[in-house]
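The values are calculated or read from the model by the stated rules, or taken from the named source; none is laboratory data. The model shown is predicted, which means the values in this text are computed figures rather than measured ones. Cβ sites come from the backbone with ideal geometry, for glycine too, and all protein chains shown count toward neighbours. Remember, those area values only see protein heavy atoms, side chains included, never the ligands or the DNA or RNA. Shrake-Rupley method; radii C 1.70, N 1.55, O 1.52, S 1.80 Å.
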Amino acid sequence: FFNRESVWKDLIAHRVNVWDLPLAKVTYDAEGRIVSEDWSATEEIIRRAPAGSWFFWSASDAIVNPAEGAPPVGSPAWDRAFRAWVPRWMDGLAARGLPRDRHMNYILDEPGIRGGPDVEEFIRVAKLYKGVDPRVQIFANAAAGGGATNDHLDRLNKVVDVFDPIYSDPRTSAPMRRVLGYGKRTWSYECGDGAKDQVRMKYYWEPLWNGAEVGLTGFGIWSY
């Protein structure tokens, strides 16, 4: 598990094709000008991942940070830097071989699982990014049926490009049917305890087969 090269080879051999993408490290000065950017960690993951992969980057306000002596995140200087950097980030990823439909902002995990606060924060951040650059794709593994209400889902639908509710059979799950009804690209996942000890046919294969039948195009399994 702690040998990074072995982990990468193992994941790729098991057909994993979605990866966490580190953000470039970016700082701005007192005037809100970008003064440094380091893409090395981002480029390493792009290089390692197989062709045709997808990527998640997780970013809120602090996608840009103040250099020494510069005003903090949330200041007018930050706002200028944020508005300058987000399109530059998107252009930079495209120049490194990642078109906009292959990477997404995974703002926070399972919005709705704690009720309303996470949903409100998720929507705030999503609007912030979409308002600066509509090319930004937003990913949500919304806690459909696990805390996210119908109103939460409907409001998330206004800012989300790819939905990823935890898997439930749409024949018996109203939240899953609701998400599928939005017509967005929809993935799903399983994250049960003791994943490696689960019955293989039930835990791993059945959701893939049933999910493909109802239009899911991606599936994550929390097991490594």
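Summary of values
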{"read-out": "Net +/- balance of residues flanking Asn141 in space, Cβ distance below 10 Å, scoring K and R +1, D and E -1", "value": "-3"}
{"read-out": "Share, in percent, of DSSP beta bridges within the chain that are antiparallel, nearest 5", "value": "15 percent"}
{"read-out": "Contour excess over end-to-end distance, with Cα ends at Asp133 and Phe2 and 0.36 nm allotted per residue", "value": "43.4 nm"}
{"read-out": "Candidates per trypsin sites (Lys or Arg not before Pro) in the stretch 1-87, loop by DSSP, up to 16 other Cβ within 10 Å", "value": "Arg15, Arg33"}
{"read-out": "Over 13 Å [Cα-Cα, the stretch 177-224], rounded percent", "value": "57 percent"}
{"read-out": "Sparsely packed chymotrypsin sites (Phe, Trp or Tyr not before Pro) within the stretch 1-92, loop by DSSP, other Cβ within 10 Å at most 16", "value": "Phe1, Phe2"}
{"read-out": "Sequence ranges 120-130, 195-205, ranked by mean other-Cβ count within 10 angstrom, highest first", "value": "120-130, 195-205"}
{"read-out": "The chain: calculated mean residue ellipticity at 222 nm from DSSP helix runs of at least 4, using -39500 (n - 2.57)", "value": "-11000 deg cm²/dmol"}
{"read-out": "Sum of side-chain charges, Lys158 neighbourhood, beta-carbon under 10 Å (Lys, Arg +1; Asp, Glu -1)", "value": "+2"}
{"read-out": "Heavy-atom accessible area ranking, 1.4 Å probe, most first, across Leu23, Leu156", "value": "Leu23, Leu156"}
{"read-out": "Computed magnitude of the charge dipole of the stretch 14-131 (debye, nearest 20; Cβ of K, R +1, Cβ of D, E -1)", "value": "440 debye"}
{"read-out": "Rg(Cα)/(2.2 N^0.38 Å) for the stretch 141-194, N = residue count", "value": "1.05"}
{"read-out": "Radius ratio Rg over Rh of the chain, counting only Cα atoms, Kirkwood formula for Rh", "value": "0.99"}
{"read-out": "Probe 1.4 Å - accessible area at Ser188, Å² to nearest ten", "value": "0 Å²"}
{"read-out": "The chain: relative contact order as a whole-number percent, Cα under 8 Å and 6+ apart", "value": "13 percent"}
{"read-out": "Virtual paramagnetic centre 7 Å along Cα→Cβ of Asp20, amide N under 18 Å, in the stretch 121-147", "value": "139-141"}
{"read-out": "Net lengthening on full extension, Arg200/Glu37 (0.36 nm per residue, minus Cα-Cα)", "value": "54.2 nm"}
